[in-house]
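The values are calculated or read from the model by the stated rules, or taken from the named source; none is laboratory data. Bear in mind that the values here come from a model prediction, so they are computed numbers and not experimental data. Neighbour counts are summed over all protein chains in view; Cβ atoms, including those assigned to glycine, are modelled from backbone coordinates with ideal geometry.
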Amino acid sequence: MHKSKHPATICLHEGYQATGNDPLIMPIYQTSTFVFESCEFGGECFSGEQNGNIYTRLGNPNFHAVEAKIAALEGAEAAVLTSSGMGAIAATLWTLLSSGDHLIAAKTIYGCTFSLFSHHLSRFGIEVEFIDFNDLAQLKNALKSNTKAIFFETPANPDLSIYDIRQISTIAHQYNSEIQVIIDNTFATPILQQPIKLGADIVVHSATKALNGHSDIISGVVVGKAELMQRIQMEGIKDLTGAVPSPHDASLLLRGLKTLSIRVKAQNEQTMRIASALENHPAVEKVIFPGLSSHPQHELATQQMTGFGNIISFNIKGGFDAAKRMLNSVELCALAVSLGCVHTLIQHPASMTHSSYSAEELANAGIANNLIRISIGLEDYEDIWSDLNQALNYSQI
Ligand code: LCS
């Protein structure tokens, strides 16, 4: 399909288009392997001379449909589907990095990504340096001849920091055009932000979140130049991690993606209203949401994104005890990790999603014990607010 279609149309039509007597909905290719019409054809599929299906760890028509849709949404050449967001990140880094290389990462990122970077990559001789990407002097000082990649989330999990993708990519590429700028675009989704168009090289997603939207699969995706995606597929996924999704999960993701654009827009609207209501609640010390003028990078978010997303973090008055009282008294909102889906989810980053950070690392990353993160879903605004309001009131008793 032509790439200039609008996002809502791409969400529905890209990747699989029924023609003739085809089923409207793509069938599920629930198979581990594919039959070769001849020995010669099989060999040519392996050598890359033929584009045929081989074995599901190397690709599957359901994966290709999802990959085409997400690549088109991100304005990129290609995408590779993985079994999880962590699979996407690991497959990318295992493909790009070798012992002796240097990775520059943001100090506030999802807990398991932080754990991979700080505890595990070092076991394989990779040096990781954590910085604040809003301080560009720190970035300039950190760049070295062995810097191979830069990694950050924007908005970041869970402090919703916004980083300037265009400026950071320019600085990195001016230093060395080979440096791969990797953006985790999970919070924004390609509906709100397209990092590759702003100069980044690679986008990764936890497709478990808004891309699928319904909390019924774990999945991930890597997006970027076709040649590099081919390497990530054939090295990072095929040989190094085996982080392959199932055809059934790919089919669920293909379905979830059909409503991505409309879900994101509807969730954005009510998240803005909830953020404003939280700002006026006496139990709340501070609301962190890029759509509020009080957010330190509100202007940048306005330029770089076309909406502010569905995640709000806030500090509650009364410390960890008040946070626990609130989280234990929500009724409609689910006390659960994950985000971006149609249900409203609420959780405590310091003891849950970011528990792999030590107390000192949490303080350095700005994740306090009274910080609560909410992912606003598609329930009616009045019902979400009524539940949050009663839980906030109860937290202060
Ligand atoms: N990147 C970001 C920004 C994430 O938030 C997550 C998971 C991942 C990558 C990893 O994706 P997964 O392997 O789970 O598909 N974040 C979670 C969170 O904040 N709550 O639960 C999971």
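In this structure, does Ser395 turn out to be more than 30 Å from Phe133 (Cα to Cα), of a type in the set (Gly, Ala, Ser), more than 14 Å from the ligand (Cβ to nearest atom) and in contact with a Lys or Arg (Cβ under 6 Å, 6 or more places away or on another chain)? Explain how you work it out, then say what you get.
Numbers: more than 30 Å from Phe133 (Cα to Cα): yes; of a type in the set (Gly, Ala, Ser): yes; more than 14 Å from the ligand (Cβ to nearest atom): yes; in contact with a Lys or Arg (Cβ under 6 Å, 6 or more places away or on another chain): yes.
Yes.
Going by the conditions given, is Gly59 within 23 Å of the chain's Cα centre (by Cα) and in the same structural domain as Glu178 (by TED's automatic domain parsing)? So that I can check it myself, show each step before the final result.
Working: within 23 Å of the chain's Cα centre (by Cα): yes; in the same structural domain as Glu178 (by TED's automatic domain parsing): yes.
When the stated conditions are applied, Gly59 passes them.
Residues checked against (1) in contact (Cβ under 8 Å) with a residue 24 or more places away in the chain; (2) away from the ligand (no atom under 16 Å from the Cβ); (3) in contact with a Pro (Cβ under 7 Å, 6 or more places away or on another chain); (4) not assigned by TED's automatic domain parsing to the domain that holds Leu198:
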{"residue": "Lys286", "(1), (2), (3), (4)": "yes, yes, no, yes"}
{"residue": "Leu335", "(1), (2), (3), (4)": "no, no, no, yes"}
{"residue": "Ser338", "(1), (2), (3), (4)": "yes, no, no, yes"}
{"residue": "Val342", "(1), (2), (3), (4)": "yes, no, no, yes"}
{"residue": "Leu345", "(1), (2), (3), (4)": "yes, no, no, yes"}
{"residue": "Glu360", "(1), (2), (3), (4)": "no, yes, no, yes"}
{"residue": "Asn370", "(1), (2), (3), (4)": "yes, yes, no, yes"}
{"residue": "Tyr381", "(1), (2), (3), (4)": "yes, yes, no, yes"}
Out of (1) within 26 Å of Ser313 (Cα to Cα); (2) surrounded by 23 or more Cβ atoms within 10 Å (Cβ to Cβ); (3) not small (Gly, Ala, Ser), what's the single condition that is false for Thr82? (1)
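Results for (1) of a type in the set (S, T, N, Q); (2) part of a helix (DSSP H, G or I); (3) surrounded by 22 or more Cβ atoms within 10 Å (Cβ to Cβ), shown as yes or no for each residue.
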| position | (1), (2), (3) |
| --- | --- |
| Phe117 | no, yes, no |
| Asn134 | yes, no, no |
| Gln138 | yes, yes, no |
| Ile182 | no, no, yes |
| Thr186 | yes, no, yes |
| Ile196 | no, yes, yes |
Tell me whether the range 62-75 contains one or more residues that are within 14 Å of the chain's Cα centre (by Cα), in a helix (DSSP H, G or I), within 16 Å of the ligand (Cβ to nearest atom) and touching a residue at least 12 places away in the same chain (Cβ under 8 Å). yes
Can you tell which of Ile89, Ile104 is buried (at least 24 other Cβ atoms within 10 Å of the Cβ), within 8 Å of the ligand (Cβ to nearest atom) and touching a residue at least 12 places away in the same chain (Cβ under 8 Å)? Ile89
Among the residues of the range 26-46, the number that are part of a loop (DSSP other than H, G, I, E, B) and without any contact (Cβ under 8 Å) to a residue 12 or more places away in the chain is 4
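Could you please let me know if Ser246 is within 16 Å of the ligand (Cβ to nearest atom), under 28 Å from Lys5 (Cα atoms) and of a type outside the set (A, V, I, L, M, F, W, C)?
Numbers: within 16 Å of the ligand (Cβ to nearest atom): yes; under 28 Å from Lys5 (Cα atoms): no; of a type outside the set (A, V, I, L, M, F, W, C): yes.
So Ser246 does not fit the description; no.
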Would you confirm, using the coordinates I've provided, whether Tyr110 is within 11 Å of the ligand (Cβ to nearest atom) and modelled with pLDDT of 95 or more? yes
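For the range 307-362, what are the residues that are in a strand (DSSP E or B) and within 21 Å of Asn212 (Cα to Cα)? Break it down into steps so the answer makes sense when it comes.
Filtering the range 307-362 for residues in a strand (DSSP E or B) gives 311-316, 334-335, 345-347.
Hits for the range 307-362 are Ile311, Ile312, Ala334, Leu335, Leu345, Ile346, Gln347.
Can you give me the number of residues within the range 129-161 that are within 16 Å of the ligand (Cβ to nearest atom) and within 24 Å of Ser84 (Cα to Cα)?
Within the range 129-161, the subset within 16 Å of the ligand (Cβ to nearest atom) is 130, 133, 149-161.
Within this subset, residues satisfying the condition of being within 24 Å of Ser84 (Cα to Cα) are 130, 149-161.
So the answer is 14.
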Scan of the range 344-373 for residues that are hydroxyl-bearing (Ser, Thr, Tyr) and in contact with a Ser or Thr (Cβ under 7 Å, 6 or more places away or on another chain), ordered by number: Thr344, Ser356
Output the residue which, of all residues in the range 154-177 that are of a type in the set (Gly, Ala, Ser) and surrounded by 18 or more Cβ atoms within 10 Å (Cβ to Cβ), is nearest to Leu143 (Cα to Cα). Ala172
Against the definition (within 16 Å of the chain's Cα centre (by Cα) and modelled with pLDDT of 95 or more), how does Val80 come out, yes or no? yes
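Okay, residues lined up against (1) assigned to a strand (DSSP E or B); (2) touching a strand residue (DSSP E or B) at 6+ places or on another chain (Cβ under 8 Å):
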| site | (1), (2) |
| --- | --- |
| Val223 | yes, yes |
| Ile237 | no, yes |
| Leu240 | no, no |
| Leu254 | no, no |
| Ile262 | no, no |
| Thr271 | no, yes |
| Lys286 | yes, yes |
